[in-house]
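Colleague: Dropping the structure in here first, questions after.
The values are calculated or read from the model by the stated rules, or taken from the named source; none is laboratory data. From a predicted model like this one, the values you see are computed outputs, not experimental measurements. Cβ placement follows ideal geometry from the backbone for every residue including glycine, while neighbour counts extend to all protein chains displayed.
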Amino acid sequence: MRRPVADSLYILLLVAAVSLAAWLSVRWQGRSDFSYGARASLSQASRDALVALDGPVEVVSWARPTGGLREPIAAFVARYTQAKPDLVLRFADPDADPEAARKQGVRVDGELVLSHGERHERLAELNEREFTRALLRLSRTGVRLVGFVAGHGERRPDGSANHDFNDFAAALAEQGVRAVRVELATQAIPANLDALVVADPRVALGDAELAAIVRWVDEGGALWWFTEPGSPVALLPLARALGVQVLPGVVVDATGQSLGIGDPRFVAITAYPAHPALRDFDLTTLYPQAAPLAALGGGSFAAVPLLRSGERSWNETGEVTGDIAFTSGGDEIPGPHDLALALTRLSPRPDREQQRIVVAGDADFLSNSYLGNGGNRALGLRLVNWLVGDDALVAVAPVEVPDRLLALSARATAYIALGLLVGLPLLLLATGAIIAWRRRRR
């Protein structure tokens with residue numbers, strides 16, 4: 001009788017274990033991503049964008065029941081739904097309701113329409129980069145307008161030259177920030193601007209134009225002023241209004257040698273002071289030929305550093321050729337030096353609590369030539385979001401295309417070539433010889 005009892009007990013325990021496992025699988029769910037770089041899961045930037053998006057989101061996919069598009073679309077959107085349960089996907093047949101599809105502007109089978117409150121975004125290309133960018137645009141209360149002062153040789157937001165800001169303006173547009181030109185000689189500063197940018201003018205501004213910029217600041221407007229070492233345009237009235245001074249010379253930093261930077265005028269920054277615009281920011285940024293700045297104090301603005309050079313830096317006032325060294329007793333001052341300052345005060349405008357201004361001693365770091373270096377683009381987007389008051393989006397990193405570059409060392413390349421040119425032919429010859437030997441033995 002002992003054996004039947006033991007068998008029955010074993011079966012009961014097995015059933016109990018299977019039932020417990022089934023119950024646990026329903027109660028708790030686990031998911032692991034073993035793909036390279038976790039590319040099968042949402043990136044951190046996408047998860048941050050979902051956190052910044054408050055409230056439910058409806059995604060309508062205008063995909064026909066036939067054609068096989070609905071299943072991959074559902075699988076793609078499910079990754080977002082796991083992180084944000086109130087993001088809901090619904091399918092609609094454009095053939096069954098062509099009028100509704102036309103009103104939504106649907107032109108492609110499978111096109112998505114994302115809705116958040118009264119705002120809508122259409123998406124014809126299905127990938128994480130474009131989907132997350134659409135969510136970022138939805139998260140804003142409206143399109144942000146940033147005006148670039150133009151007409152004096154400034155960096156143009158629509159220019160393709162190396163020193164222009166076209167690529168940065170395109171990155172802003174992807175997040176729902178529109179860059180427009182402001183010709184102060186022919187127009188007043190639009191009242192609906194969220195921020196004004198003065199990007200390193202090369203030609204002197206007229207008295208009326210300077211007065212318009214200072215008046216914009218006095219009335220509580222957000223401003224980003226870029227300057228460069230030895231700039232031919234001294235915006236002294238603006239500097240006095242902000243309580244900022246541009247020091248002579250160019251910042252040189254010997255710290256860059258440890259990062260492989262040969263030109264000491266290229267300042268690499270890896271550590272940042274505590275500031276809301278720099279929260280959790282840990283990317284290296286590069287600044288070619290930056291002017292040192294100083295906050296004079298005593299004005300209505302509170303100034304804090306955003307970017308600082310290293311301990312082994314100074315403002316070089318002579319020619320930067322060959323071996324250079326710090327010269328005491330003159331205009332050269334040992335570092336660290338401030339390369340960018342953030343200025344704040346209680347806003348005179350009733351629609352904002354705080355007036356925000358950024359003064360930067362370098363404009364090249366956001367130019368078409370240097371925007372892609374390290375975290376330059378990410379930092380620029382952070383500062384614009386902070387300027388316009390979209391604090392929830394400050395820490396949301398731009399969604400980049402996954403790196404598909406295969407970097408092989410010389411040794412690895414040699415091994416691959418040896419395997420393909422020598423190893424594989426020898427393997428085929430050996431396989432043929434073994435087959436021939438077996439056939440002879442039969």
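Quick grid of which residues meet (1) within 30 Å of VAL180 (Cβ to Cβ); (2) over 27 Å from the mean Cα position of the chain (by Cα):
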site	(1), (2)
PRO201	yes, no
TRP225	yes, no
VAL250	no, yes
GLY256	no, no
PHE266	no, no
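Colleague: For region 188-223, how many residues are among the β-branched types (Val, Ile, Thr), part of a loop (DSSP other than H, G, I, E, B) and closer than 17 Å to ARG352 by Cα?
Modeller: 0
Colleague: Sticking with this structure for a sec: Here is a list of conditions, (1) closer than 16 Å to GLY389 by Cβ; (2) surrounded by 14 or more Cβ atoms within 10 Å (Cβ to Cβ); (3) of a type in the set (S, T, N, Q), and ASN192 meets all of them except one; can you say which number that is?
Modeller: (2)
Colleague: For ASP164, only one of the following conditions fails: (1) among the acidic types (Asp, Glu); (2) within 23 Å of the chain's Cα centre (by Cα); (3) over 23 Å from VAL180 (Cα atoms). What is its number?
Modeller: (3)
Colleague: State which residue is nearest to the chain's Cα centre (by Cα) when the search covers only region 119-129 and only residues that are acidic (Asp, Glu) and modelled with pLDDT of 85 or more.
Modeller: Once the filter is applied, the top-ranked residue is GLU128.
Colleague: Under 6 Å by Cβ, and 6 or more places apart or on different chains, what pairs join a residue from region 161-177 that is over 19 Å from THR132 (Cβ atoms) with one that is of a type in the set (Ser, Thr, Tyr)?
Modeller: ASN162/SER369; HIS163/SER367; ASN166/SER160
Colleague: Next up: Quick check, is ALA302 loosely packed, with under 15 Cβ neighbours inside 10 Å, in contact (Cβ under 8 Å) with a residue 24 or more places away in the chain and touching a Lys or Arg at 6+ places or on another chain (Cβ under 8 Å)?
Modeller: yes
Colleague: Also, I was wondering about something else. Checking the conditions here, which among GLY220, GLY159, GLY151, GLY147 is touching a Lys or Arg at 6+ places or on another chain (Cβ under 6 Å), surrounded by 14 or more Cβ atoms within 10 Å (Cβ to Cβ) and of a type in the set (Gly, Ala, Ser)?
Modeller: Just a single option satisfies the conditions, and that option is GLY220.
Colleague: Tell me yes or no: at least one residue of region 357-373 is of a type in the set (A, V, I, L, M, F, W, C), out of contact with any helix residue (DSSP H, G or I) (no Cβ under 7 Å at 6 or more places or on another chain), part of a loop (DSSP other than H, G, I, E, B) and crowded, with 18+ Cβ neighbours inside 10 Å.
Modeller: Yes, that holds for at least one residue.
Colleague: I've got another one for you. List every residue pair whose Cβ atoms lie under 9 Å apart, where the two residues are 6 or more positions apart in sequence or sit on different chains, the first residue falls within region 9-33 and is outside the structural domain of GLN82 (by TED's automatic domain parsing), and the second residue, located anywhere, is at pLDDT 75 or above.
Modeller: Listed pairs, sorted by first residue: ARG31/GLN82.
Colleague: Here's another thing I want to ask about it. Please find, among ALA239, ALA212, ALA208, ALA199, the residue that is farther than 27 Å from GLY389 by Cα and in the same structural domain as LEU383 (by TED's automatic domain parsing).
Modeller: ALA208
Colleague: Given the criteria surrounded by fewer than 17 Cβ atoms within 10 Å (Cβ to Cβ) and at pLDDT below 95, does GLY330 qualify?
Modeller: In short, yes.
Colleague: Something else now. Kindly list, by first and then second residue, each pair from a residue in region 260-278 that is outside the structural domain of GLY380 (by TED's automatic domain parsing) and touching a residue at least 40 places away in the same chain (Cβ under 8 Å) to a residue that is buried (at least 17 other Cβ atoms within 10 Å of the Cβ) and assigned to a helix (DSSP H, G or I), limited to pairs with Cβ atoms under 6 Å and residues at least 6 apart or on different chains.
Modeller: Within 6 Å, no pair qualifies.
Colleague: Does at least one position in region 141-156 carry a residue that is touching a residue at least 60 places away in the same chain (Cβ under 8 Å), outside the structural domain of LEU123 (by TED's automatic domain parsing) and basic (Lys, Arg)?
Modeller: yes
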